[in-house]
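The values are calculated or read from the model by the stated rules, or taken from the named source; none is laboratory data. Since the structure is predicted, the reported quantities are computational estimates derived from the model, not experimental observations. As a convention, Cβ positions derive from the backbone with ideal geometry for all residues, glycine included, and neighbour counts pool all protein chains shown. Please note that ligands, DNA and RNA were not included when accessible areas were found on the heavy atoms of the full protein model with its side chains. Shrake-Rupley method; radii C 1.70, N 1.55, O 1.52, S 1.80 Å.
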Amino acid sequence: SQSLVAMDSPDNTCIHYCVYHSRFPLAIRSHIENKLDTILNRKDQSTLWSAEAGVGDILASYPQKNHIFVVLASPVAEVGRDHDYDWAIVEASSMRSIIQLAGRVRRHREISEPIKHPNILLLNENLKALRGKKICFERPGFEMPNLVLASHDLFQRLETEQYNPINAIPRIQEITSIEKNTNNEYLNLGSLEHVALAWQLFSGENKAKVWWANTPYWCGEVQRQQRFRDSKQDESYYLFVADEFHNPHWCWLNENAYPPKMTTETPVRIETLQSLNMGNNVKFWFDLDALDIYSKLANDFVIELKEVSHRFGELRITEYSDSSYQEY
């Protein structure tokens with residue numbers, strides 16, 4: 001995001017960026033999603049020009065003839081969002097992610113409308129591949145130490161019919177031949193995903209087959225061993241606004257104390273960027289000022305800003321050895 005917003009726009013063009021991922025405080029993420037839900041609903045085209053969407057106000061505020069609105073999103077945009085985009089550039093992690101994101105392109109438009117140009121670009125390598133990692137299509141993805149691809153260039157690891165056109169067939173149609181090289185590395189991304197799913201369902205150490213192969217009395221034990229959406233330890237942080245006279249600041253909820261205690265001493269380093277290098281005619285799409293967003297919630301729920309911070313200011317950060325969080 002920092003690299004893209006630092007690039008100048010073409011002549012007579014203004015680019016508006018929205019950075020969208022899961023690690024915003026709840027109130028700010030909800031604000032972003034409410035805006036996108038309204039703007040990217042193409043079932044009723046009139047909503048795009050509503051006061052709530054604000055697109056008309058943006059166009060009226062800048063003199064450029066051409067305006068490009070871009071959502072820079074993590075995998076949070078792939079599942080569970082009923083958004084309709086005109087086009088997408090995909091940094092692939094799996095066939096599943098490619099298919100899911102493709103389902104957000106022209107999602108609400110009539111299929112009879114002509115498409116004159118390609119509207120999805122698959123990056124042939126993802127960031128991990130560019131950095132030379134041995135395992136690249138993971139978290140999210142299906143590659144793992146015992147299931148490795150021969151290389152991570154999609155030109156080599158996908159057949160044309162698997163992505164042109166993009167549909168769900170490669171995920172649900174059984175693959176009759178699984179090709180590997182002499183190093184036991186897989187030659188096709190789709191084949192690897194089928195093998196990974198079969199391993200997890202039938203052969204893995206904690207195979208899912210136990211759910212239907214044993215009596216229901218095992219369910220509690222299986223759930224204890226295989227926690228649903230099990231993840232690394234994370235901690236609660238809060239973007240705290242005491243009142244309209246104080247700047248927002250970060251607090252940590254120490255859940256090891258009893259009762260849990262809010263403190264400004266945070267174990268994870270939270271860095272606030274004092275300035276951001278912005279290119280010519282490059283803007284952020286939405287105003288994410290915490291005080292403005294919290295003030296609206298305070299009015300809606302008839303509560304004080306301090307209570308808004310407790311209810312809606314939470315951000316959960318996963319603890320790693322070099323954990324840090326950047327705030328813009």
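Quick notes
- Pick from the stretch 11-42, criterion within 12 Å of the chain's Cα centre (by Cα) and among the hydroxyl-bearing types (S, T, Y), ranking: farthest from W285 (Cα to Cα): S22
- The set of residues in the stretch 102-120 being open to solvent by 80 Å² or more (accessible area, probe 1.4 Å) and under 21 Å from W285 (Cβ atoms) consists of R107 alone.
- Among the residues of the stretch 1-47, just one is of a type in the set (D, E), free of Cβ contacts under 8 Å to residues at least 24 places away in the same chain and under 16 Å from H83 (Cβ atoms), namely D44.
- Top-ranked residue in the stretch 12-42 [being at pLDDT 95 or above and within 20 Å of N66 (Cα to Cα); ranked as surrounded by the fewest Cβ atoms within 10 Å (Cβ to Cβ)]: N12
- Across the stretch 152-168, the qualifying residues are those that are touching a residue at least 12 places away in the same chain (Cβ under 8 Å) and in a loop (DSSP other than H, G, I, E, B), and the one among them that is most open to solvent (accessible area, probe 1.4 Å) is E159.
- Any chance L239 is at pLDDT 90 or above, touching a helix residue (DSSP H, G or I) at 6+ places or on another chain (Cβ under 8 Å), open to solvent by less than 100 Å² (accessible area, probe 1.4 Å) and assigned to a strand (DSSP E or B): yes
- Scanning the stretch 283-305 for residues that are touching an Asp or Glu at 6+ places or on another chain (Cβ under 7 Å) and not small (G, A, S) yields L291, L305.
- Hits in the stretch 76-101 (condition: open to solvent by 20 Å² or more (accessible area, probe 1.4 Å) and closer than 17 Å to L40 by Cβ): V76, E78, V79, G80, R81, D82, Y85, D86, W87, I89, Q100, L101
- Residue-level check: of (1) closer than 29 Å to L197 by Cβ; (2) more than 14 Å from the chain's Cα centre (by Cα); (3) surrounded by 13 or more Cβ atoms within 10 Å (Cβ to Cβ), G132 misses just (3).
Conditions tested, residue by residue: (1) in contact (Cβ under 8 Å) with a residue 24 or more places away in the chain; (2) assigned to a loop (DSSP other than H, G, I, E, B).
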| residue | (1), (2) |
| --- | --- |
| L72 | yes, no |
| R81 | yes, yes |
| L101 | yes, no |
| R107 | yes, yes |
| H117 | no, yes |
| A129 | yes, no |
| P170 | yes, no |
| T182 | no, yes |
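- Qualifying residue in the stretch 197-206 (condition: over 27 Å from I98 (Cα atoms), at pLDDT below 90 and open to solvent by 80 Å² or more (accessible area, probe 1.4 Å)): yes
- Taken across the stretch 61-79, residues that are more than 28 Å from Y238 (Cα to Cα) and of a type in the set (G, A, S) do occur, with at least one present.
- Among residues of the stretch 170-187 being among the β-branched types (V, I, T) and open to solvent by less than 90 Å² (accessible area, probe 1.4 Å), the one that is nearest to I98 (Cα to Cα) is I175.
- Subset of the stretch 257-269 [at pLDDT 80 or above and either closer than 26 Å to E33 by Cα or open to solvent by less than 70 Å² (accessible area, probe 1.4 Å) (or both)]: A257, M262, T263
- The stretch 135-151, residues that are within 17 Å of A198 (Cα to Cα) and either among the β-branched types (V, I, T) or in a helix (DSSP H, G or I) (or both): V148
- Exactly one residue out of E307, E271, E255, E265 is closer than 22 Å to S3 by Cβ and of a type in the set (D, E): that is E271.
- Just one of (1) hydroxyl-bearing (S, T, Y); (2) farther than 30 Å from I111 by Cβ; (3) more than 16 Å from the chain's Cα centre (by Cα); (4) surrounded by 13 or more Cβ atoms within 10 Å (Cβ to Cβ) fails for S3. It is (4).
- Candidates L288, L305, L253 - the one that is open to solvent by 50 Å² or more (accessible area, probe 1.4 Å) and either modelled with pLDDT of 80 or more or within 22 Å of the chain's Cα centre (by Cα) (or both): L288
- I89 vs. criteria free of Cβ contacts under 8 Å to residues at least 60 places away in the same chain, in a strand (DSSP E or B), over 22 Å from L192 (Cβ atoms) and not acidic (D, E): yes
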